[in-house]
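Novice: After the structure tokens below, expect a handful of questions from me.
Values quoted throughout were computed directly from the atomic coordinates according to the rules given, and no laboratory measurement underlies them. Just so it is clear, the structure is predicted and the values come from calculations on it, not from any experiment. Cβ coordinates were reconstructed from backbone atoms using ideal geometry, including for glycine residues, and neighbour counts include every protein chain displayed.
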Amino acid sequence: MTLEEAAAHWAAEINGWYGLNTSTEEVVDAFNNSYLDAKAYDGTSYVDMFFRDETGGYTKWLDTADREGLADCIEAARGKDLLPTYTDLGGNLLNKVRR
């Protein structure tokens, strides 16, 4: 799966969770600006570890941290505050919440 194909799935997931009305292009930009040079905990490529599948393409599945991270990058690029967490709103869970 290409980055653009995967990003279309990521955009749909982000929109479903957070209602950001983001586009595939915004997701690709957020990904390219925030993850391309990132390193995983063992020093290897974060992208290779968490965004690529066994064929070398991109996976359409995001874990919670990466879904939230992309959503925050999109909001930051829009000049908005990062999404609140449940903790920000007085709760005990760490996940981000829909606005």
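Novice: Write down Rg/Rh for region 33-75, rounded to two decimals, with Rg from the C-alpha atoms and Rh from the Kirkwood relation over Cα pairs.
Specialist: Ratio of gyration radius to Kirkwood radius for region 33-75: 0.96.
Novice: With θ taken as phi - 60° and the coefficients 6.51, -1.76 and 1.60, list the Karplus ³J(HN,Hα) couplings across region 37-50 in order, rounded to whole Hz; mark glycine and proline as x.
Specialist: Per residue, the Karplus-derived 3J(HN,Hα) values read 9, 6, 10, 6, 4, 9, x, 7, 5, 4, 4, 4, 6, 10 Hz.
Novice: When you count, for each residue, the other Cβ atoms within 10 Å and take the mean per peptide, how do 48-60, 4-16 rank with the highest first?
Specialist: Highest-to-lowest ranking by the protection proxy: 4-16, 48-60.
Novice: Going 7 Å from the Cα of ARG78 along its beta-carbon direction, which residues of region 2-21 have the amide nitrogen within less than 11 Å of the resulting point?
Specialist: Counting backbone N atoms under 11 Å from the label point, the list is 15, 18-21.
Novice: Using a basic spin-label model with each label point 7 Å from the Cα along Cα→Cβ, how many nm lie between SER45 and SER23?
Specialist: With each label placed 7 Å out from Cα toward Cβ, I get 2.7 nm.
Novice: If you don't mind, another one. Per residue and in cubic angstrom, what volume does the convex hull of the Cα atoms of region 3-77 have?
Specialist: Dividing the Cα hull volume of region 3-77 by its residue count gives 80 Å³.
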